[in-house]
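**Student:** Handing you this structure, nothing more for now.
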Amino acid sequence: MASAPPLDTSTLVGHPPPPPYEEVLGSIPQYQPMPYAPAPALDMKTSVPPYPAQAYSPMYPPPPAQPVTSPVVSVQTVYVQPGLIFGSVPVQAHCPVCSQNVITRLEHTPGALAWLSCAGLAIFGCIYGCCLIPFCVDSLKDVIHHCPNCSSVLGVHKRI
């Protein structure tokens with residue numbers, strides 16, 4: 001392989017050639033540590049110490065290490081029934097007493113609508129027992145939803 005001819009730096013335009021390595025080493029001064037400035041005088045009445053105090057003074061031993069304990073965590077499951085509307089038909093609900101998902105048992109009881117219907121029929125002349133018909137019609141009564149397992153009340157649907 002043929003080597004390239006030496007480069008003639010005298011014909012180059014721009015920057016001068018770098019100085020030799022020995023010349024650069026001779027121009028660097030030897031390392032000498034810088035002298036420290038004297039500490040400023042402290043006026044104990046008005047000045048603040050130049051450095052913050054340490055966490056523990058050497059006169060006092062550090063406090064004894066305390067054992068690390070993890071806090072006791074109790075977990076409670078909360079069932080949220082979003083949009084659960086108790087109507088005139090059985091619904092699937094979560095019973096908080098027996099913690100079961102159940103389909104409710106219905107109980108119809110006379111409420112305000114049944115009594116107002118009875119009074120309205122009595123005013124219009126149904127006084128011979130016909131005014132008691134609203135107490136026999138489930139669609140005029142209030143509905144109470146019970147848990148079939150523990151019979152606790154889960155919800156109430158009032159007509160009025």
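**Student:** Name the single residue, out of those in the range 125-147 being in contact (Cβ under 8 Å) with a residue 24 or more places away in the chain and either of a type in the set (A, V, I, L, M, F, W, C) or exposed (fewer than 14 other Cβ atoms within 10 Å of the Cβ) (or both), that is farthest from residue 93 (Cα to Cα).
**Tutor:** 135
**Student:** In the range 97-124, what residues are assigned to a loop (DSSP other than H, G, I, E, B) and either touching a strand residue (DSSP E or B) at 6+ places or on another chain (Cβ under 8 Å) or surrounded by 13 or more Cβ atoms within 10 Å (Cβ to Cβ) (or both)?
**Tutor:** 98, 104, 110, 111
**Student:** Could you tell me which numbered condition residue 94 fails, if it satisfies all but one of (1) modelled with pLDDT under 95; (2) outside any loop (DSSP other than H, G, I, E, B); (3) under 21 Å from residue 136 (Cα atoms)?
**Tutor:** For residue 94, the failing item is (3).
**Student:** Would you be able to say whether some residue in the range 128-147 is part of a loop (DSSP other than H, G, I, E, B), on the phi > 0 side of the Ramachandran plot and within 38 Å of the chain's Cα centre (by Cα)?
**Tutor:** no
**Student:** Suppose we filter 87, 125 for residues that are at pLDDT 90 or above and out of contact with any Asp or Glu (no Cβ under 6 Å at 6 or more places or on another chain); which single one remains?
**Tutor:** Being at pLDDT 90 or above and out of contact with any Asp or Glu (no Cβ under 6 Å at 6 or more places or on another chain) holds for just one of 87, 125, which is 87.
The values are calculated or read from the model by the stated rules, or taken from the named source; none is laboratory data. This is a predicted model, so every value here is computed, not measured. Methodologically, a virtual Cβ is constructed for each residue, glycine included, from the backbone with ideal geometry; neighbour enumeration extends over all protein chains shown.
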